[in-house]
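Step one of this worksheet: look at the structure below.
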Amino acid sequence: RILKRPIRIFVASAFSLAMIVDITNDSDCNFVLDGEWIPSGDLKTDRTTVIAAQSRTQLEFSLGVEGVKGIIWYVDKEKCNTYLSMTVQWPRMGKAHFSCQAGVPPPNLKADLSSAPVLGQGEVKKGAEGGCEWQGASDGVKLTIVKELNFYVPPTVADYAAAAAANPDAAVAARSGAGGEDEDGANAISEIMAKTRPRDATDGLVRGIKAAGTGLATGVATAVGAPVIGAKQEGALGFVKGLGVGIAGGAMLAVGGLAGGAAQVGRGLMQIPAAHRGRLEEKVWDQELGQWVDSDLCKLEFDIQNQKDEEEGPASGAAADVQVKETEYYDYLKVGPGATPSEIKKAYYREAKQCHPDKNPDDAAAKAKFQELSEIYQVLSDPEARKKYDKEGKAGVQEQKTAALDPKAFFSLLFGSEKFVPWTGELHIAMQVDHFAKASAAEDDEVKDEEKQEKSVKKKQAAREVQCACHLREKTERMVYSRDAAGFEEQMRLEAHDLGSAQFGPELLAALGEIFQLRSEIYLANELAGRFSIAKRLASVKHNAAMAKHSLNFAANVSGSLFRGAKVVSAANAAGKKPALDKDKVEGAEDPDALNEEQVKAIDDALSNALPKFMQTAWSYVVRDIDYTMKMVGRKFLQDKSVPWQIRVRRAQALQKLGIIFAEEAVTAAASQGEGGKSMAAEEVKAKIQEAFVDSMKEK
């Protein structure tokens, strides 16, 4: 009896030409094919076949040289929220394996293929959710789907908020961490070790070469520089002393660099098992933690919201009983003076929603109230303005109103429009200019701290990536969950057409379309062809070539900008050496140092010739920023463990379709606009900069 079952399976598998999955569907769901990955063998049954409700259907798989092996999944035709997910291994030699789950899809159907139970004749097995049961047969599997099935509900950030509210102590501990003052030194060392840990062997080799190269270069510089400095200070004797110190110090630095490089290579080699396991499990590398981690988009969104609320806090440092000069603005929003920025924001949206002009088109009073609410929110949402209001009242903030440049709005308007912000987030160049402006104007040394500025930019970049990934999730839901490919395409084409009409719209659409296609192709090739497949290699080469092209273009533009910038400086210097206005000869001349018309024209011509190249350089920087940001966004969006593997595959397919749509609409928009923004003349560049500058000025 022990030998009978495997022998019968072995014989049937060796000589049969097909494997049958005989399905009895007792549920009310009509299942249609949603996806498949069958590296060995093939599905012989017509792919349009419906596994009808309350009926019996047979799926026939043709056997390849090694039999049939793969995964296949179906979805409810009407609501698209109930799944039938199967893994099949029917080899010509050896034991057969099979697993199935009806209702909610498994976390990783592809991983289930390697852990599916042995298929035995007469032995009934049940799916993980209890939605089906099966047993082996001489020619395949007999599968029964039960009547009542669970359905899949996509997770939301509200689920994480509810879980945190139910267990607040655990949430606080997870965010705050542990450890006392005596552990600060150990924690600091651990943090440094984590941040310098290589991702894998390749990363370790690159880091090792850099460390060794830096050590050697520093050593050579020390060996050469020390004797020169010694000679300047003490003559011949100083040269001899410097030579000794330089050789000794240079040797130590070189040896230290080589040792550090070797250590990094060794650490990279030690990471090989973890890197292989991490990629196999679709994890992402977190350099801050120095380890492979699961990417959970909903949790990231929840953490970003919490972090923002915690960092903002009460803008005035206000408690509930804070003393303020007047409460008119707070009363208007129906909050107290101690309200947090989050509470003020919610109150503003609540009040503004009631009197919004779109809802009250013919109501002058509502329009006036909406405008007043906006002005009040502008004050209370700005920490500095709120402090001044608390101290001096309404009169104080009205006197303080001055025009200031909003870097985010300026670069959004210059390179596209604010409509692109949900897709690209706040551009990195805008972050840098904003922090530079705040640091220049600040008197507080903490604001000017470069390390803190860098950390602040990193946090904003991380939040930007999460927000863009969440935006992609929302935009692709129609195709991912509703399976409405036609509606999705129509909706995205309309939006892309609108985006393409903006300044640099065609170029931005083309940049986004290209990176969306590249990231989705890499993911689909990795998951449906294999990490070491030719398709994956070709997709990676294509991606790397595009990134290299953009980097070289940026370098070329920087070189051109430096050349033209030098010409502007030369023109200014030449103008300074020429005789200026002759006060005795030119009637009305008051400044003897003023430039004459010829000098002004020379400088203006040089600047006009340089402006288009400066614009191209800024644009190429934006493209590289989009490349890097969308690469990280793609990882968060496509490797999101909060949704099952089948949903991640559908996301990749939707992202690929979105990339194609954006690329096609970019060509159409470019044709309608002519040569496009990158080849604008100097006067047009000036006009665009001036327009963006004026539109981005805000009252403070």
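The values are calculated or read from the model by the stated rules, or taken from the named source; none is laboratory data. Values in this document were obtained by computation on a predicted structure and should not be read as measured data. We place every Cβ from the backbone using ideal geometry, glycine too, and count neighbours over all the protein chains shown. For accessibility, only protein heavy atoms count, side chains too; no ligands or nucleic acids. Shrake-Rupley method; radii C 1.70, N 1.55, O 1.52, S 1.80 Å.
What is the list of residues in segment 214-230 whose amide nitrogen lies under 15 Å from a point 7 angstrom out from the Cα of VAL240, following Cα to Cβ? Residues 227, 230 fall inside that zone. The length gained on full extension between VAL50 and TYR349, counted as 0.36 nm times the residue separation minus their Cα-Cα distance, comes to 102.9 nm.
The order of TYR83, TYR160 by accessible area, most exposed first and with a 1.4 Å probe, is TYR160, TYR83. Cβ-Cβ distance of VAL667 and SER342, R₀ of 56 Å, FRET efficiency by 1/(1 + (r/R0)^6): the value works out to about 0.85. Pairs with C-alpha atoms separated by more than 32 Å, drawn from the list LYS147/LYS475; LYS459/LYS641; LYS210/LYS657, are LYS147/LYS475; LYS210/LYS657.
Take each peptide in 21-28, 639-646, 62-69, count the other Cβ atoms within 10 Å of every residue, and average; sorted highest first, the result is 639-646, 21-28, 62-69.
Taking label points 7 Å from Cα along the Cα-to-Cβ direction, SER190 and GLU281 give a separation of 1.9 nm. When peptides 36-45, 611-620 are sorted by average Cβ neighbour count within 10 Å, with the highest value leading, the order is 611-620, 36-45. A straight line joining the Cα centroids of segment 457-526 and segment 150-165 runs 24 Å.
Between HIS497 and ILE272, the simple label model (points 7 Å from Cα in the Cβ direction) yields a spacing of 5.6 nm. The alpha carbon centroids of segment 32-66 and segment 262-289 are separated by 38 Å.
Among the trypsin sites (Lys or Arg not before Pro) in segment 452-537, those located in a DSSP loop and surrounded by at most 13 other Cβ atoms within 10 Å of their own Cβ are ARG531.
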